[in-house]
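Some notes on the structure that comes next.
The values are calculated or read from the model by the stated rules, or taken from the named source; none is laboratory data. Bear in mind the structure is a predicted one, so any value in this text is a computation, not a measurement. Note that we place each Cβ from the backbone using ideal geometry, even for glycine, and neighbour counts take in every protein chain shown.
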């Protein structure tokens with residue numbers, strides 16, 4: 001079958017972007033002709049997917065979106081796709097992969113006039129096209145809790161929702177592999193083998209709570225702070241966060257390493273992952289950490305935080321966020337006996353299979369929609 005994937009922009013360090021590519025590759029591996037249309041592309045291109053780059057035209061995000069919508073309206077009818085899968089809210093899609101929160105709900109918590117801004121009006125219109133009660137788009141969700149929210153604002157029929165399992169990748173890791181990776185990364189960076197390594201992964205430092213992580217590092221007692229490093233992996237500007245580390249006297253303990261393709265190795269090398277996000281629909285890195293037997297300190301606002309709690313593999317911090325509670329959680333987490341317990345629990349929880357299967361299930365649902373389209377025509 002002929003399947004189209006639509007995504008505003010691709011870069012290799014975004015969770016949504018990686019999900020889109022992985023699901024597309026699975027569909028292609030099943031023998032389908034897959035095309036991925038996007039405005040921009042960073043990184044290597046897949047061998048088994050036809051990538052079409054339209055370019056980014058316009059002076060503002062709203063203008064660029066509007067221009068691409070016009071291009072899609074002109075180009076899509078001629079392709080005669082059996083199914084169009086959208087990874088952003090777009091017109092004409094048959095199935096939508098929902099990786100963000102309901103915009104109407106978010107807007108309802110802002111001043112009333114904000115909904116009349118051009119960007120807000122555009123996003124609301126696109127969200128209504130996908131979730132409106134008279135729309136036909138099938139909806140793939142990563143968090144069960146979001147269904148009630150969308151139904152409240154749009155009256156979306158329940159049968160249109162399909163909740164996916166988490167999207168961690170299975171890992172078979174030996175004790176020797178973990179020890180070798182831990183040693184190699186510390187040696188490569190010139191760090192002592194007995195130092196604690198905290199890991200932060202995310203390409204939106206403010207939203208993911210990097211400042212909270214830096215404050216927690218700085219709050220450790222002096223002896224432990226001098227034996228602990230924070231590795232920051234993500235494509236964002238250090239800027240104010242590097243300055244914060246300097247102001248708190250921990251600039252030599254915080255390492256900004258940019259976007260990485262070797263995040264799985266860092267998860268093996270680290271002692272604990274910090275994910276004190278302010279907003280996070282799911283948080284793929286949370287379940288990826290559990291799949292690597294890496295304990296996690298996470299805010300409960302993250303959709304996948306409940307897996308940390310269910311697996312007893314770290315600490316889930318309640319809302320509203322308390323920096324003092326987070327500081328204490330990190331102090332406790334660096335106790336070696338506690339870490340060993342959490343690592344064992346994380347490995348046992350991953351073995352249950354509770355955090356795997358998202359991409360495979362999404363590919364199967366996209367194929368099912370495409371088959372229905374073929375039968376109708």
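A few points about this structure:
- Filtered by the rule that a residue be without any contact (Cβ under 8 Å) to a residue 12 or more places away in the chain and either in contact with a strand residue (DSSP E or B) (Cβ under 7 Å, 6 or more places away or on another chain) or outside any loop (DSSP other than H, G, I, E, B) (or both), the range 185-214 gives 187, 188.
- Within the range 113-137, no residue that is outside the structural domain of residue 147 (by TED's automatic domain parsing) and part of a helix (DSSP H, G or I) sits with its Cβ atom under 8 Å from a residue that is at pLDDT 95 or above and surrounded by 15 or more Cβ atoms within 10 Å (Cβ to Cβ) at 6+ positions apart or across chains.
Each row is one residue, and each column tells you yes or no for (1) assigned by TED's automatic domain parsing to the domain that holds residue 281; (2) assigned to a loop (DSSP other than H, G, I, E, B); (3) farther than 30 Å from residue 264 by Cβ.
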| site | (1), (2), (3) |
| --- | --- |
| 7 | no, no, no |
| 17 | no, no, no |
| 21 | no, no, no |
| 35 | no, no, no |
| 38 | no, no, no |
| 44 | no, yes, no |
| 55 | no, yes, yes |
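- Here the condition is being surrounded by 13 or more Cβ atoms within 10 Å (Cβ to Cβ), in contact (Cβ under 8 Å) with a residue 60 or more places away in the chain and assigned to a helix (DSSP H, G or I); of 177, 151, it holds for 177 alone.
- For the range 350-366, the set of residues classified as part of a loop (DSSP other than H, G, I, E, B) and touching a helix residue (DSSP H, G or I) at 6+ places or on another chain (Cβ under 6 Å) consists of 355 only.
- Test: residue in the range 36-44 that is more than 22 Å from the chain's Cα centre (by Cα) and either farther than 19 Å from residue 122 by Cβ or touching a residue at least 12 places away in the same chain (Cβ under 8 Å) (or both): no
- Top-ranked residue of the range 38-75 - restricted to ones that are in contact with a strand residue (DSSP E or B) (Cβ under 7 Å, 6 or more places away or on another chain) and within 21 Å of residue 371 (Cα to Cα), ranked as surrounded by the most Cβ atoms within 10 Å (Cβ to Cβ): 49
- If you go through the range 278-301 and keep only what is in a loop (DSSP other than H, G, I, E, B), in contact with a helix residue (DSSP H, G or I) (Cβ under 6 Å, 6 or more places away or on another chain) and crowded, with 24+ Cβ neighbours inside 10 Å, you end up with 292, 294, 295.
- Residues that are under 14 Å from residue 94 (Cβ atoms) and surrounded by fewer than 12 Cβ atoms within 10 Å (Cβ to Cβ), drawn from the range 118-144: 136
- Matching residues in the range 76-107 - criterion: being in contact (Cβ under 8 Å) with a residue 12 or more places away in the chain, surrounded by fewer than 16 Cβ atoms within 10 Å (Cβ to Cβ) and in a helix (DSSP H, G or I): 79, 105
- Residues considered: 277, 313, 305. Of these, the only one that is closer than 30 Å to residue 24 by Cα, touching a strand residue (DSSP E or B) at 6+ places or on another chain (Cβ under 8 Å), free of Cβ contacts under 8 Å to residues at least 40 places away in the same chain and assigned by TED's automatic domain parsing to the domain that holds residue 203 is 305.
- Residue 156 being at pLDDT 95 or above and in the same structural domain as residue 297 (by TED's automatic domain parsing): no
- Scanning the range 154-167 for residues that are without any contact (Cβ under 8 Å) to a residue 40 or more places away in the chain and at negative phi returns 156, 157, 158, 159, 160, 161, 163.
- Of all residues in the range 319-333, those that are surrounded by fewer than 18 Cβ atoms within 10 Å (Cβ to Cβ) and in contact with a strand residue (DSSP E or B) (Cβ under 8 Å, 6 or more places away or on another chain) total 4.
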